[in-house]
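Read through the structure below, which is laid out as structure tokens, and then see the notes.
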Amino acid sequence: MKIGALSIFLILSLNIVFGQKSQIMKNQILKSSILKQDVNYNIYLPPNYETTKDYPVIYYLHGFDGNNNSSNKIIKIIDSLILKKDFPETIIIAPNGENSWYIDDYAGKFKYSTMFIEEFIPFVKNKYSITDDINKSTIMGLSMGGFGALRFTMLYPDEFGLCISFMAGINTKEQTYQDSEEDYQKYLHNLYGENLKPSERTNDHFIRNNPLYIPEKIDVETLKSKKWYIQTCDNDYHSLPNAELHIVFHKLKIKHEFRVLNGEHNFDCLSGSMNDALEFIKTNMTTTK
């Protein structure tokens, strides 16, 4: 059925009066030369998206066994606030991190971190109207993604100004020694080394990439220049290392928000802090110079 000129005029008029709808484009593709494979990502563009504007950005990193579509609930929550004008118009980008923990593996075979910093971020900044102001660039993650968000903010301070970490999947050295062989093989063996004795698991590659130990290696003033929101739940295996990171930040006098909720390592725990975390982003994006 053809649409007449009057119908087109009415559609355009309604868009002007009521505003355009937001857009969620799923399974977009970056062809990565570093990984030698396609990297899927989902992107949310706010209502009335214009290529002439520079928008704040949230990079959302999913958890273990997730993918770029794991961002759907988060995007819907933020979209509802944007539509009510309770949150700034923001672009949200959710890449597929596979089970990389967002690092380069010990053997250099799967360099996810290198790809994300050197290929993915430049690619999306070139393709979409994303601000260059790092004080309006947030990296947010859940579990494995919380680990990645903390690590990226610590190691690449020129890219991110705000870090939101939900239930970061950090392990202490002691926990990693004590992990069963089954758990080590499931979660970590491809990252830090094959056929390792428990005492060998916390090698240099483990220390260099673990957000609990990175603060010992970098300039504390860099850490102080960022905005940190760290959340965990009390009945979570990873609550201990998150609490230890809070203590590390406290000793180093790094200003941060630290939240401990009642609950387990699941999406309900994240949901209990989501509005608080988004208010943190909103406040710091609008007040930071």
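A few notes on this one:
- Using a cutoff of 8 angstrom between alpha carbon atoms and counting only pairs six or more residues apart, the relative contact order for the chain works out to 15 percent.
- Relative contact order %, the stretch 216-257, counting alpha carbon pairs below 8 Å whose residues are six or more apart: 51
- For the set Lys109/Lys251; Lys109/Lys227; Lys85/Lys226; Lys53/Lys85; Lys21/Lys125, the pairs lying more than 29 angstrom apart at their alpha carbons are Lys109/Lys251; Lys109/Lys227.
- Shape of the stretch 162-270, Cα gyration tensor, a/c cut at 1.5: oblate
- Whether the stretch 194-253 is rounded, prolate or oblate, judged on the alpha carbon gyration tensor where a/c under 1.5 counts as rounded: oblate
- Read-out Kirkwood radius over Cα pairs in Å, derived from the coordinates shown; its label in (i) 20.9; (ii) 22.4; (iii) 19.9: (iii)
- Between 0 and 90 degrees, the angle of helix 267-287 with respect to the longest Cα principal axis of the chain falls at about 70 degrees.
- Each residue of the stretch 212-226 was assigned a 3J(HN,Hα) from its phi angle through the Karplus expression (A = 6.51, B = -1.76, C = 1.60, θ = phi - 60°), giving 6, 10, 4, x, 6, 10, 10, 5, 5, 5, 5, 5, 5, 7, 9 Hz with x at Gly and Pro.
- Projected label points at Ile207 and Lys85, each 7 Å from Cα along the beta carbon direction, are separated by 5.4 nanometres.
- Entries in Lys36/Lys255; Lys73/Lys186; Lys36/Lys84; Lys73/Lys127 that, when Cα-Cα distance is taken, lie over 30 Å: Lys36/Lys255; Lys36/Lys84
- For the chain, calculated [θ]222 nm from helices alone, where every DSSP H run of n ≥ 4 adds -39500 (n - 2.57): -11000 deg cm²/dmol
- Extension gain, Ile77 to Asp38: 0.36 nm times the residue separation minus the Cα-Cα distance gives 11.2 nm.
- Extension gain (nm, one decimal) between Glu118 and Thr52, 0.36 nm per residue minus Cα-Cα: 21.3 nm
- Between 0 and 90°, nearest 10: helix 239-251 axis offset from the chain longest Cα axis: 90
- On Cα atoms only, tilt of 72-83 relative to the major axis of the chain in degrees: 50
- Bridging of Lys31 to aspartates and glutamates at a Cα separation below 12 Å is possible for Glu119, once same-chain residues fewer than 8 apart are set aside.
- In a DSSP loop and with at most 11 other Cβ atoms within 10 Å, the trypsin sites (Lys or Arg not before Pro) in the stretch 169-253 are Lys217, Lys253.
- Between Leu240 and Tyr177, full extension at 0.36 nm per residue minus the direct alpha carbon distance yields a gain of 21.2 nm.
No lab work stands behind these numbers, since they all come straight from the coordinates. Source: prediction; values computed, not measured. Please note: Cβ atoms are built from the backbone with ideal geometry, for glycine as well, and neighbour counts cover all protein chains shown.
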